[in-house]
Amino acid sequence: MTTAVRCGVLIDGTGAEPTQGATLLFDGDTIVGVDRGGEVPPGADVIDAEHLTVMPGMIDCHVHLGSSTWGVQERLLMPFSLIIAHALNHARITLEAGFTTVRDAAGTPRGVKMAIEQGLFPGPRMRIAVSALSQTGGHGDSVMPNGASIRPVSELPFTVVDGVEGVRRATREVLRAGADQIKVHTSGGVMSPNDEPGATGFSPDEIAALVYEARAAGKTVMAHAQASQGIKNAVLGGIHSIEHGIFLDEEVIEEMKRRGTFLVPTLVAPLWVVRRAEKDPSSVPPYALRKAREVMADHQASFRLAVERGVRIAMGTDTGVGPHGTNAEELERMVEGGMTPMQAIVATTRTAAECARVAHLTGTLELGKRADLLGVEGDPLADIRILQNKDKLALIVRDGRVFKSIGTRAPSAVS
Ligand SMILES: [Zn+2]
């Protein structure tokens with residue numbers, strides 16, 4: 001059965017000028033035609049989106065569906081089975097916010113992805129990191145000052161490791177646990193109890209071992225990398241994407257451009273640390289608030305430089321630090337930091353798909369891609385903030401399945 005989406009304005013995610021009055025056709029889960037002349041084939045099911053801007057479903061390259069804005073005490077009182085229930089709920093909330101694909105940057109086990117793939121729960125397509133590698137005392141080592149750890153015992157492999165052999169073994173364990181990409185901390189960070197964002201994590205030979213193991217399995221590596229040296233070690237070690245990238249300099253930017261390394265900026269993450277602390281000081285440890293405030297100006301300056309120099313930027317939020325479903329604020333922050341609204345949309349569609357290695361499936365509205373669609377009331381190129389307003393997201397389709405459809409005379413929501 002062919003479905004014809006009559007689009008008001010079509011933004012195809014490639015960065016091309018929007019077109020008026022196109023018709024997008026999909027059959028099952030696949031786009032079978034984009035007719036710029038607007039022809040509707042006889043017998044097709046019609047979705048009337050003539051009052052909407054239709055664009056690819058958005059992609060967030062850095063979320064943590066298994067985390068939320070919980071304080072330390074709340075985390076310690078939470079059984080792992082409850083975290084899974086929350087992760088599935090966060091998945092639905094993320095899809096409702098117009099995100100049809102996410103790359104999870106650790107903390108979410110394979111069963112959550114499988115439950116969504118099997119249609120048990122609504123949610124975005126997922127690419128998961130499972131557990132993030134960290135050196136002892138590094139960003140992922142959640143041993144608290146009293147010696148307790150907030151990390152739950154679970155099917156998430158233990159990944160606080162040291163030395164080439166330790167790193168190699170942990171990488172293989174994470175791959176065995178179903179990782180689509182390897183996550184590593186090559187610098188310190190904001191939310192961790194034991195280190196500073198300026199600290200370097202792992203040595204070049206440890207990074208080389210995990211990049212080797214990831215590549216041997218046909219996978220990529222995403223590096224939480226905030227400090228200059230940690231970013232450089234990651235880029236020179238052949239890592240696929242730099243997450244956060246708070247302290248970028250000209251030298252590393254040139255190297256990223258030469259190698260095609262992605263930057264996933266997560267501009268909203270430190271903002272959410274501060275907002276949470278202002279609303280409820282107990283939800284954020286004091287060290288995290290201090291560090292978030294300290295890095296913010298450098299983070300924004302680095303992003304602006306990366307935009308000016310033409311680094312490949314893929315949208316990501318670190319949601320879980322902030323509330324799930326607020327992901328689209330990142331586009332507003334990216335525009336504030338020097339991108340045009342179209343650049344921010346491409347970063348959240350085509351480039352994000354390339355970064356998450358799903359570009360063969362999604363990210364653009366082209367023949368043969370999956371029907372992942374977002375229909376929004378109004379013009380996001382005139383006001384990027386409308387993507388944050390869930391009432392304006394009238395049409396959400398993932399893999400040809402209509403998840404939300406308001407005022408489009410389409411089949412009512414399934415899922
Ligand atoms: Zn993260």
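Cβ-Cβ under 6 Å, sequence separation 6+ or interchain: first residue in segment 123-143 and among the charged types (D, E, K, R), partner within 15 Å of the ligand (Cβ to nearest atom). Which pairs?
From residues that are among the charged types (D, E, K, R), the pairs are R127/R103; R127/A356; D141/S134.
If T171 meets every condition in (1) part of a loop (DSSP other than H, G, I, E, B); (2) crowded, with 18+ Cβ neighbours inside 10 Å; (3) hydroxyl-bearing (S, T, Y) apart from one, which number is that one?
Here T171 clears every test but (1).
Would you mind telling me which numbered condition in (1) part of a helix (DSSP H, G or I); (2) among the β-branched types (V, I, T); (3) surrounded by fewer than 15 Cβ atoms within 10 Å (Cβ to Cβ) T14 fails?
Among (1) part of a helix (DSSP H, G or I); (2) among the β-branched types (V, I, T); (3) surrounded by fewer than 15 Cβ atoms within 10 Å (Cβ to Cβ), T14 violates only (1).
Identify the residue in segment 318-345 that is aliphatic (A, V, I, L, M) and closer than 23 Å to A91 by Cβ and, among all such residues, is farthest from the ligand (Cβ to nearest atom). So that I can check it myself, show each step before the final result.
Taking segment 318-345 and keeping what is aliphatic (A, V, I, L, M), we get 321, 328, 331, 334-335, 339, 342, 344-345.
Those still in the list that are closer than 23 Å to A91 by Cβ too: 321, 328, 331, 345.
Numbers: V321: 7, A328: 18, L331: 18, I345: 23 Å.
Applying the filter and picking the extreme gives I345.
One line per residue, one yes/no per condition, for (1) more than 16 Å from A105 (Cβ to Cβ); (2) within 19 Å of the chain's Cα centre (by Cα):
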| site | (1), (2) |
| --- | --- |
| K257 | yes, no |
| V268 | no, yes |
| V307 | yes, yes |
| T317 | no, yes |
| L331 | yes, yes |
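Please list, ordered by first then second residue, the pairs with beta carbon atoms under 8 Å, 6 or more apart or interchain, first in segment 236-252 and touching a residue at least 40 places away in the same chain (Cβ under 8 Å), second more than 16 Å from the ligand (Cβ to nearest atom) and part of a loop (DSSP other than H, G, I, E, B).
Close Cβ pairs satisfying both conditions: I239/T261; H240/T261; S241/T261; F247/G198.
Mind checking whether some residue in segment 379-386 is within 21 Å of the chain's Cα centre (by Cα), surrounded by fewer than 17 Cβ atoms within 10 Å (Cβ to Cβ) and not aliphatic (A, V, I, L, M)?
Yes: segment 379-386 contains one or more residues that are within 21 Å of the chain's Cα centre (by Cα), surrounded by fewer than 17 Cβ atoms within 10 Å (Cβ to Cβ) and not aliphatic (A, V, I, L, M).
How about segment 49-139: which strands (runs of 3 or more DSSP E) wholly inside it have at least 2 residues that are of a type in the set (V, I, T) and either within 21 Å of A170 (Cα to Cα) or out of contact with any Phe, Trp or Tyr (no Cβ under 6 Å at 6 or more places or on another chain) (or both)?
Values: elements: 58-63, 99-104, 125-128.
Hits in segment 49-139: 58-63, 99-104.
Out of (1) within 30 Å of L374 (Cβ to Cβ); (2) away from the ligand (no atom under 16 Å from the Cβ), what's the single condition that is false for G107?
Of the numbered conditions (1) within 30 Å of L374 (Cβ to Cβ); (2) away from the ligand (no atom under 16 Å from the Cβ), the odd one out for G107 is (2).
Within segment 177-188, does at least one residue satisfy the condition of being closer than 22 Å to R75 by Cα and modelled with pLDDT under 95?
Yes, segment 177-188 contains at least one residue that is closer than 22 Å to R75 by Cα and modelled with pLDDT under 95.
Taking helices (runs of 4 or more DSSP H) that fall entirely within segment 299-415, which contain at least 1 residues that are in the same structural domain as H51 (by TED's automatic domain parsing) and under 17 Å from I246 (Cα atoms)? Show your work before the answer.
On the way: elements: 329-336, 341-348, 350-355.
Filter on segment 299-415 gives an empty set.
Quick one: which residue in S142, S131 is within 16 Å of the ligand (Cβ to nearest atom), within 20 Å of I83 (Cβ to Cβ), small (G, A, S) and in contact with a Leu (Cβ under 6 Å, 6 or more places away or on another chain)? Explain how you work it out, then say what you get.
Numbers: S142 fails: in contact with a Leu (Cβ under 6 Å, 6 or more places away or on another chain).
Every option except S131 fails the conditions.
The values are calculated or read from the model by the stated rules, or taken from the named source; none is laboratory data. The model shown is predicted, which means the values in this text are computed figures rather than measured ones. As a convention, Cβ positions derive from the backbone with ideal geometry for all residues, glycine included, and neighbour counts pool all protein chains shown.
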